[in-house]
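Engineer: Okay, handing you the structure first.
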Amino acid sequence: MTDTSSRPFELPRAGSAGDLLLDRLVDHFLDDGDPRASLRSLADAIGTSHRMLQYHFGTKERLLGGALLKIMQRMPAPPPEQRPTTRAEYLRYAWGVYRRPENFILLELLLMITNPAAGALNDETLMKQLSGAFRDQMVALGLKEGLAPERANAEARLVIDAWRGLHQDLYGTRDVAAVDAAMDVLTEWVSP
């Protein structure tokens, strides 16, 4: 298998064979398919070969990253009147989406990709893609709230790391009330 970790991560072109495979995989995951399954098992579940998945995505990490991004694309954006205008609103909105039981697959995929103990391959370009939009939004809102650029970037990184930790906590403990309380503290911390 070719090393793809140095290539920029990109979703397959809409309508391409890779895109269609990714759609089938996302449907499989949303129907309670197990992302911890082997690449061969995932390929069997969506009616293809593991070699086709390797050809289009390179690694299982990139396949799962593509599935995560595809699921996120399918989620509706909030209507204009409900779009977050502060970092605290953005955190509340995003957490509300991720913590819903029907979206638990997002947590599982994110943890499988980002947690070295779960076998992540540390694909830097994939990691940048997965956290880029979230980080950019947190930085932009921090600047809007009057933070200096260096501070806005540093706080965005801190929030992302705390966010990932809370995902892991929720996934591992399923203690929604306790994790929600911790998210409330994080949200208060970024409140202007």
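Read the figures in this text as sums done on the coordinates, not as results from a lab. Just so you know, these numbers come straight off a predicted model, no measurement behind them. Neighbour counts run over all protein chains shown; Cβ positions are idealised from the backbone, glycine included.
Engineer: Enter the angle in degrees (range 0 to 90, nearest 10) between the Cα long axis of helix 124-144 and the first principal axis of the Cα atoms of the chain, meaning the one along which they spread out most.
Structural biologist: It is inclined by approximately 20 degrees.
Engineer: May I pose another question? Quick one: net charge of L39's neighbours, Cβ under 13 Å, K/R +1, D/E -1?
Structural biologist: Details: positive: R36, R40, R51, K60, R62; negative: D34, D44, E61.
In short, +2.
Engineer: Taking 7 Å along the Cα-to-C-beta vector as the label spot, tell me the A94-Q82 distance in nanometres, rounded to one decimal.
Structural biologist: 1.8 nm
Engineer: From the phi of every residue in segment 76-87, what ³J(HN,Hα) in whole Hz does the Karplus formula 6.51 cos²θ - 1.76 cosθ + 1.60 yield, where θ is phi - 60° and glycine or proline is x?
Structural biologist: Once θ is set to phi - 60°, the couplings for segment 76-87 become x, 6, x, x, x, 6, 10, 5, x, 10, 10, 4 Hz.
Engineer: To the nearest 20 debye, what is the magnitude of the charge dipole of segment 77-192 about its Cα centre, counting +1 on the Cβ of each Lys and Arg and -1 on the Cβ of each Asp and Glu? Let's see the in-between values first.
Structural biologist: On the way: 12 positive and 16 negative charges, 32 e Å.
Dipole size: approximately 160 debye.
Engineer: A45 to D180: extension gain in nm, 0.36 nm per residue of separation minus the Cα-Cα distance?
Structural biologist: On the way: separation 135, 0.36 × 135 = 48.60 nm, distance 3.44 nm.
Value of the extension gain: 45.2 nm.
Engineer: Distance in nm between label sites at A148 and E10, each 7 Å beyond Cα in the beta-carbon direction?
Structural biologist: Output for this residue pair reads 3.8 nm.
Engineer: In degrees between 0 and 90, to the nearest 10, how far off the longest principal axis of the chain does helix 104-114 point, with axes built from Cα atoms?
Structural biologist: Its long axis makes an angle of about 80 degrees.
Engineer: Please report the spacing between the Cα centers of segment 127-173 and segment 1-78 in Å, no decimals.
Structural biologist: Centre-to-centre distance over Cα atoms comes out at 25 Å.
Engineer: Here is a further query. Determine the dipole magnitude for segment 1-116: charges of +1 sit on the beta-carbon of Lys and Arg, -1 on that of Asp and Glu, nothing else is charged, the reference point is the Cα centre, and the result goes in debye to the nearest 20. Display every interim value, and only then the final one.
Structural biologist: Values: 15 positive and 14 negative charges, 55 e Å.
That gives a dipole near 260 debye.
Engineer: How far, in degrees from 0 to 90, does helix 60-74 lean away from the longest principal axis of the Cα atoms of the chain, to the nearest 10?
Structural biologist: Taking the Cα atoms of the chain, the angle to 60-74 is about 60 degrees.
Engineer: G96: net charge of surrounding residues, Cβ under 13 Å, Lys/Arg +1, Asp/Glu -1, itself excluded?
Structural biologist: On the way: positive: R92, R99, R100; negative: E89, E102, D180, D184.
So the environment of G96 carries a net charge of -1.
Engineer: A further question follows. What does the helix-only formula give at 222 nm for the chain: each DSSP H stretch with n ≥ 4 adding -39500 (n - 2.57), the total divided by the residues, and the result rounded to the nearest 500 deg cm²/dmol? All intermediate terms of the calculation are to be shown ahead of the outcome.
Structural biologist: Working: 9 runs with 128 residues, N = 192.
Counting only the DSSP helices, I get -21500 deg cm²/dmol.
Engineer: Along the charge dipole of segment 129-192, which of A140, A182, G165 sits closest to the positive end, that is, farthest toward it, with unit charges on the beta carbon of Lys, Arg, Asp and Glu (+1, +1, -1, -1)?
Structural biologist: A140
Engineer: In nm, what is the difference between 0.36 nm times the number of residues separating A17 and T125 and their Cα-Cα distance?
Structural biologist: Details: separation 108, 0.36 × 108 = 38.88 nm, distance 2.22 nm.
Fully extending the segment from A17 to T125 adds 36.7 nm.
Engineer: Starting with the highest mean, order 144-150, 79-85 by the number of other Cβ atoms within 10 Å, averaged over the residues of each peptide.
Structural biologist: Values: 144-150: 12.1, 79-85: 9.0.
Highest-to-lowest ranking by the protection proxy: 144-150, 79-85.
Engineer: In the neighborhood of S49, defined by Cβ-to-Cβ distances under 15 Å, what is the net charge if each Lys or Arg adds +1 and each Asp or Glu adds -1?
Structural biologist: Values: positive: R24, R40, R51, K60; negative: D44.
My count for the surroundings of S49 gives +3.
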